[in-house]
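Here is the structure we will look at, set down as structure tokens.
The values are calculated or read from the model by the stated rules, or taken from the named source; none is laboratory data. None of the values given here were measured: they were computed from a predicted structure. Cβ atoms come from the backbone with ideal geometry, glycine included; neighbour counts cover every protein chain shown.
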Amino acid sequence: FLTQEAVAVGIEAALQPGDTIITAYRCHAFTLTRGVPLHSILAELTGRKTGCSSALGGSMHLFYKDFFGGNGIVGAQVPLGVGIGLRMKYRGDKSVSVTLYGDGAANQGQVFEAYNMAKLWNLPVVFVCENNKYGMGTSAQRASANTAYFTRGDYIPGLWVDGMDVLTVREAMRFARDWCVSGKGPLVLEMETYRYHGHSMSDPGTSYRTREEVQSVRRGRDPITLFQKRLFESQLVTEEESKAMEKQIRQEVDKDAEQCLLDPEPNEEDRFFNAYQLMPVGFRVRGCDPLTWFTPKQ
């Protein structure tokens, strides 16, 4: 999520209790802003029982109260976000369903189907397209006939947002939330951002763009550096105070990382917990090798 920090922090800063977030597999930052302890996140990523999904979710499927993941199928979370919005309207809640997806997923047919349903029923859904310029190794220009993603809602209004400025993101989300809870229906926000690294560990991130492009963003558009500069210029924080905070945060992260590696791993039977309400007669599950079989507990 490097370079996209302003999106997660800015969105969370504008939300109220009862508002929900659902996103794709680039979900770690949202898990943290939703209130999941860092130790629980790191424990989940390392497959420990103390993880926020009890080691059943891994990197892509982290969940928490009012946070519906973490979803591994490209674009599939968007219709689910509309379903959450339908629940809110049915109950009369003054809440919004923030539904995120990337520029790559923006070309999925189910996204447009979700648009239609959200507008047809006038649901309190904020569709947020995180446009980081590249869907895996394909640039937005090569994949989309219309790269102005905020205009793609057709009958749903949209706004373009500087996703590198945390304060701009916050104000845009405040506007979107007010729009939705006032009964005006859904809204589309395109948050233009970037990612320094490749799509995954197997992607060096330099085969489809130049190193100079990445370094240019680092020098002039990094969201953390931009916010730090604003704090310094406003004399809200000194450079010394900022460095002290960074040092403290690094120490806390290192401590949690070391601790989670000492936490217990799940047993094989834990993998099937809650999978069945009533176990079929004679049901067995093969273990990690062909000769090991066991019956999961109810």
Within region 76-85, how many residues are crowded, with 20+ Cβ neighbours inside 10 Å and not polar (S, T, N, Q)? 5
Read through the list (1) within 29 Å of residue 37 (Cα to Cα); (2) among the β-branched types (Val, Ile, Thr); (3) surrounded by fewer than 10 Cβ atoms within 10 Å (Cβ to Cβ), then give the number of the only condition that residue 253 fails. (3)
So, in region 162-181, exactly how many residues are touching a helix residue (DSSP H, G or I) at 6+ places or on another chain (Cβ under 7 Å) and within 30 Å of residue 90 (Cα to Cα)? 5
Residue 275 vs. criteria over 30 Å from residue 56 (Cβ atoms) and either modelled with pLDDT under 80 or exposed (fewer than 13 other Cβ atoms within 10 Å of the Cβ) (or both): no
Conditions (1) out of contact with any Lys or Arg (no Cβ under 8 Å at 6 or more places or on another chain); (2) under 16 Å from residue 8 (Cβ atoms) -> residue 49 fails only (2)
State which residue is surrounded by the fewest Cβ atoms within 10 Å (Cβ to Cβ) when the search covers only region 1-53 and only residues that are within 24 Å of residue 79 (Cα to Cα), touching a strand residue (DSSP E or B) at 6+ places or on another chain (Cβ under 8 Å) and of a type in the set (Val, Ile, Thr). 20
Would you mind stating whether residue 47 is part of a loop (DSSP other than H, G, I, E, B), without any contact (Cβ under 8 Å) to a residue 60 or more places away in the chain and on the phi > 0 side of the Ramachandran plot? no
Every residue in region 105-133 that is surrounded by fewer than 23 Cβ atoms within 10 Å (Cβ to Cβ), modelled with pLDDT of 95 or more and of a type in the set (D, E, K, R), please. 113, 119
Residue that is under 25 Å from residue 9 (Cα atoms), at pLDDT 95 or above and surrounded by 15 or more Cβ atoms within 10 Å (Cβ to Cβ), where the choices are 236, 187: 187
Here are 215, 228, 248: which of them is surrounded by 11 or more Cβ atoms within 10 Å (Cβ to Cβ), modelled with pLDDT of 95 or more and of a type outside the set (Asp, Glu)? 228
Which residues, counting only those in region 63-74, are part of a loop (DSSP other than H, G, I, E, B) and at pLDDT 95 or above? 66, 68
Residue satisfying all of: in region 54-64; in contact with a Ser or Thr (Cβ under 9 Å, 6 or more places away or on another chain) and free of Cβ contacts under 8 Å to residues at least 60 places away in the same chain; surrounded by the most Cβ atoms within 10 Å (Cβ to Cβ) among these: 62
For region 260-269, what are the residues that are over 25 Å from the mean Cα position of the chain (by Cα) and either surrounded by 11 or more Cβ atoms within 10 Å (Cβ to Cβ) or not aliphatic (A, V, I, L, M) (or both)? 263, 264, 265, 266, 267, 268, 269
When region 136-164 is examined, which residues are found to be crowded, with 21+ Cβ neighbours inside 10 Å, under 27 Å from residue 201 (Cα atoms) and out of contact with any Lys or Arg (no Cβ under 9 Å at 6 or more places or on another chain)? 163
